Every structure is written in C-alpha cells, then in structure tokens.
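Some notes on the structure that comes next.
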C-alpha cells in the first residue's frame, strides 16, 4: 500500500512539473552546480534543504525540468492539440503481424510524421505498446521496423513478434520526414521538436483499440536512446523505458567536448549560450535518470561504447539510486553493462525485451 501511495503522489507531481507555465524559466529557478548530487533542493531563500520526502524531490525535479527547457526550449502545452488525422498509406502482413505505414499530424507545421505501426493478430485482448525510436540513420523508422540497416536494431519488429503493439516514427530530418529546424517553426531545438512529436505518438497509441492505455513503454538506440530519455522525462504516460547506448554524463562525453550535442537536430544553445562546456550546461543525465523514478528504467550501456563512456552511465545510476529508494522503487532502476561496442546484439536485446515483459505484461 505504501508503494501505491507513493506512485499516486508521483503521478500528480510529474504532471505538475509537465504542466508548469512557460514563464517558469531560469529567472525563477535556483541554480545547481552539482548535477550528480541529488541529496538536496534549493528553497526560495536560496538555502540548500535535504531531500527527505517525495515532496522534497518534487521541488528538485521541478527545477530540473525548468532548466532543461531553458536549453531545449519550452515544452508545447496547447490547450487543444491539433487532430492527429492519422492516414494509412500502406498495409501488409508480416507473418502473423499487420504492418501499417502511417502518417499523422503533431502540431500546426504542415509536415506530417511518417511511422510504421505493427499490430498483433486480430482478436487478441488489448496489448501493451512500445514506442520504438531509431538511431542516427538516413532510413529512419525503417531500421527498427526491420526494413534495412543493422539487424540488431530491428526492435520494433522484434517486440511486435513478442506481442506488443509497436510504433516506429521518423525523427525530424530522417526517413520520410524532411525538417529544417528553423526557429520560425516554433521550436528552440530539434530535441524538443522530437519530444513533442513523441508525446503525440503516445496520444496515437492510446487512441488505438488494440492498446492498453496504461501499459506503454519506449525504447531506443543511440539517438533513439536519449530521445527515449528526454521524452520519458516529460511524458508520464511512458511507464517503462530502455535506453541502449544512449547517454553518459556531459563531462564524460568525449572528454567533455559537447559539439556533438549542438547541431540543429539536438540543442544548439549548448554551443551558443553554454560554450560547449559541461560546467555551464544547467542539467545533466544523473538528474534525468532520477526524474524517471519510480518508473522502471533500464540503462543498456556496453563497456565498449566509444560514443557514450560507460563510467558516466554508472555515475548517473549511482546518483539516481537514492531517489528510486526514496520513492519505494529501488528495483525499478536497472543497468546492463555488456562487453560489446556501440551496438545492440541479441544477448543484450534479450535483457531489454525481458525487462519490458516483466513490467508491461500482465
């Protein structure tokens, strides 16, 4: 019963953080220089206060969300989102699955998101669903859908074969989704555009009669890995998530050289405002990981990953662990450190897929 009460508290607190007015930005939020130290929050008088209760953590999490939005831009919160207006462009059978190529609207921009949707056999009870986000690849959604690229990354197909409804959309500028990231479109960063597109993808999944609305997960590799994390931080309807080769602490990303995070597809303000310095970026991955609590999160982080230094992942997990413990969900924070490179081989995928089975299947 205690854990259930904590979970109910968390749902309310997380929605509060997500729904904060756009005006809650840097001028109203205390500065934190210690992004690994999640033992305190700064009160309105500027004093450090220990985090001893879920309510204390909610204050710190609210500050993290605000600082993330100073770099990524404000999370869109329209009073009435535009209709998804889903269109089916192709429908084929893939074994016992149905694969649909669809397009849908996420905001007022004319460009429509293209995605592959896998449905289990007709007649089954409502199933859990997983949003499957691709890596940096020109073919975008086609890789997780099993239509090219690295077979190890066909996780939208694999998970559908395990009984999940899966949705694999294009990230803006990949696949069939041309996007120029001009500020005139209303987004400060490509990261926030992708986050909002993914939030609307959750809307789409919840609209499907095949989907159990309370059992939605998210998975991604590399770009898809941190795209999963950024989205889940702001989207509480994602109940379970896996990031493979998706992150490390900013100080350990190529030795603190953050240029890779600063293209228009990501967060250009890391360059123009924060001088590519991990000391200046006002948030970091230990805070993001803690922000998932108490939801199940698996960090799948190979020790041979040349993009994302594994020690920075271990630092993040260690920092977030006390928050998971505080919320009564210590076992929901997991990490797998396989002996491989920047990839998602079969034995590593098995751990990830079984993690979803444990937390999303009844």
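When the label point is put 7 Å from the Cα of residue 362 along its Cα-to-beta-carbon vector, which residues of the stretch 199-241 have a backbone N closer than 16 Å? Answer for the stretch 199-241: 209-216.
Please work out the FRET efficiency for the pair residue 280 and residue 96, using the Cβ-Cβ distance as r and a Förster radius of 45 Å; give the result to the nearest 0.05.
0.30
The stretch 303-332 and the stretch 40-91 have Cα centres separated by 20 Å. Sorted from greatest to least, the principal axis extents spanned by the alpha carbons of the chain come out as 60, 48, 43 Å. Separation of the stretch 173-247 and the stretch 101-137, taken as the distance between their Cα centroids, equals 11 angstrom.
Which order do the peptides 208-217, 345-354, 240-249 take when ranked by the mean count of other beta-carbon atoms within 10 Å per residue, highest first? Spell out each step's value before the answer.
Values: 208-217: 17.2, 345-354: 15.6, 240-249: 27.5.
Those peptides, ordered most packed to least, come out 240-249, 208-217, 345-354.
For the pair residue 85 and residue 257 in one chain, pulling the backbone fully straight at 0.36 nm per residue adds 57.8 nm over the alpha carbon distance. Between residue 182 and residue 39, the modelled labels are 5.1 nm apart [label points 7 Å from Cα along Cα→Cβ]. Using C-alpha pairs under 8 Å with a sequence gap of at least 6, the mean separation divided by the residue count of the chain gives a relative contact order of 16 percent. A protection proxy built from the mean count of other Cβ atoms within 10 Å ranks the segments 143-155, 328-340, most packed first, as 143-155, 328-340. In this simple spin-label model, placing a label point 7 Å from the Cα along the Cα-to-Cβ direction at both residue 27 and residue 136 gives a separation of 3.6 nm.
If both residues of a DSSP beta bridge must be in the chain, then about 50% of such bridges are antiparallel. Here the peptides 157-170, 271-284, 104-117 are ranked by packing, the mean other Cβ count within 10 Å, and the order with the highest first is 157-170, 104-117, 271-284.
Just so you know, all these numbers are worked out from the coordinates, no wet-lab data involved. All of these numbers come straight from a predicted model, not from anything done at the bench. Backbone-built Cβ (ideal geometry, glycine too); neighbour counts: all protein chains shown.
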